[in-house]
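Peer 1: One structure, as structure tokens, below. Some questions next.
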Amino acid sequence: MTDASKITLVRIAFIPLYMILMYLSGGTPGLMMWLALAVFVIASLTDYVDGQIARKYNQVSDFGKFLDPLADKLLTIAAMVMFCAWGLFPAWALMIVLTREFAVTGLRLVAVGKGKVIAAGQSGKIKTACTMVGLCVMMGFSTIHWLGLLVMVVIVVTTVYSGVEYFIQNWKCLWDE
């Protein structure tokens with residue numbers, strides 16, 4: 001296992017700690033929410049670090065191409081689920097995100113069955129960055145309703161756009177050849 005993949009596994013390991021801190025915060029500003037935000041930021045930064053290491057030290061692997069986006073999905077969905085439970089992120093928006101994630105994962109599985117690995121595209125990376133930054137904003141300013149709505153719109157728009165782009169670029173994977 002590469003160093004880059006080990007860092008990605010650290011991101012996944014941070015998720016239970018993040019969830020506990022978010023739960024203890026009760027969705028209100030305070031020490032637990034700030035600690036949860038700190039854990040989320042550190043975990044999010046590992047996404048950048050593992051990518052840099054993978055490229056710089058030629059550690060790009062099929063396992064990393066699979067694990068990295070999975071770690072991103074788990075981290076961001078964990079945050080959205082907590083906000084949804086507190087009524088700060090609408091369930092329909094979470095459902096759009098989950099549908100996109102399952103659809104793209106399914107597309108990747110079909111591609112793997114045909115010997116092709118679909119790595120994260122540029123729009124997917126932008127979606128992930130917007131989502132991570134937006135969720136940080138929500139954690140830091142959870143009492144500002146309009147800001148949460150803006151974050152939700154950005155997350156939904158970038159999610160839908162990147163999902164459509166993945167299917168347009170890789171639609172041939174779905175057909176028997």
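Peer 1: So, Tyr18, is that one under 16 Å from Val81 (Cβ atoms) and out of contact with any helix residue (DSSP H, G or I) (no Cβ under 6 Å at 6 or more places or on another chain) or not?
Peer 2: Details: under 16 Å from Val81 (Cβ atoms): yes; out of contact with any helix residue (DSSP H, G or I) (no Cβ under 6 Å at 6 or more places or on another chain): no.
No, not satisfied.
Peer 1: Output the qualifying pairs, or none if there are none: Cβ atoms under 8 angstrom, residues six or more apart or on different chains, first residue in the range 98-125 and in contact (Cβ under 8 Å) with a residue 12 or more places away in the chain, second residue assigned to a loop (DSSP other than H, G, I, E, B) and open to solvent by 40 Å² or more (accessible area, probe 1.4 Å).
Peer 2: Going by the 8 Å Cβ cut-off, the qualifying pairs are Arg108/Val117; Ala111/Val117; Lys114/Glu177.
Peer 1: Here's something else I'd like to know. Looking for something acidic (Asp, Glu), out of contact with any helix residue (DSSP H, G or I) (no Cβ under 8 Å at 6 or more places or on another chain) and open to solvent by 10 Å² or more (accessible area, probe 1.4 Å) - is there at least one such residue anywhere in the range 66-84?
Peer 2: Here is the first cut: in the range 66-84, the ones acidic (Asp, Glu) are 68, 72.
Going one step further and asking which of them are out of contact with any helix residue (DSSP H, G or I) (no Cβ under 8 Å at 6 or more places or on another chain), we end up with none.
No, the range 66-84 has no match at all.
Peer 1: Could I ask something else about it? Would you check if Ile15 is open to solvent by 80 Å² or more (accessible area, probe 1.4 Å) and at pLDDT 95 or above? Steps first, answer last, please.
Peer 2: Numbers: open to solvent by 80 Å² or more (accessible area, probe 1.4 Å): no; at pLDDT 95 or above: yes.
Here the answer is no, as Ile15 does not meet what is asked.
Peer 1: Starting from residues that are in a helix (DSSP H, G or I), open to solvent by 30 Å² or more (accessible area, probe 1.4 Å) and among the charged types (D, E, K, R), keep the ones in the range 97-153 and report whichever is farthest from Gly51 (Cα to Cα).
Peer 2: By that ranking, first place goes to Arg108.
Peer 1: Go through the range 32-50 and count every residue that is of a type in the set (Ser, Thr, Tyr), in contact (Cβ under 8 Å) with a residue 12 or more places away in the chain and open to solvent by 30 Å² or more (accessible area, probe 1.4 Å).
Peer 2: Going residue by residue through the range 32-50, those that are of a type in the set (Ser, Thr, Tyr) are 44, 46, 48.
Cutting the leftovers down to in contact (Cβ under 8 Å) with a residue 12 or more places away in the chain gives us 44, 46.
Narrowing the set further to residues that are open to solvent by 30 Å² or more (accessible area, probe 1.4 Å) leaves none.
So the count comes out to 0.
Peer 1: Restricting the first residue to the range 52-71 and requiring it to be without any contact (Cβ under 8 Å) to a residue 60 or more places away in the chain and within 15 Å of Leu109 (Cα to Cα), which pairs with a second residue that is of a type in the set (Asp, Glu) and surrounded by fewer than 16 Cβ atoms within 10 Å (Cβ to Cβ) meet a Cβ separation below 6 Å and a spacing of at least six or different chains?
Peer 2: Qualifying pairs under 6 Å: none.
Peer 1: Six or more apart or on different chains, Cβ under 7 Å: which pairs go from a residue in the range 5-26 that's under 28 Å from Arg55 (Cα atoms) to one that's of a type in the set (Asp, Glu) and crowded, with 18+ Cβ neighbours inside 10 Å? Could you list them?
Peer 2: Once the first residue is under 28 Å from Arg55 (Cα atoms) and sits in the range 5-26, its partners that are of a type in the set (Asp, Glu) and crowded, with 18+ Cβ neighbours inside 10 Å give Ile7/Asp50; Thr8/Asp50; Thr8/Asp68; Arg11/Asp47.
The values are calculated or read from the model by the stated rules, or taken from the named source; none is laboratory data. All of these numbers come straight from a predicted model, not from anything done at the bench. No Cβ is skipped: glycine too gets one built from the backbone with ideal geometry, and neighbour counts run over all protein chains shown. What goes into the accessible areas is simple: the full protein's heavy atoms, side chains included, and nothing from ligands, DNA or RNA. Shrake-Rupley method; radii C 1.70, N 1.55, O 1.52, S 1.80 Å.
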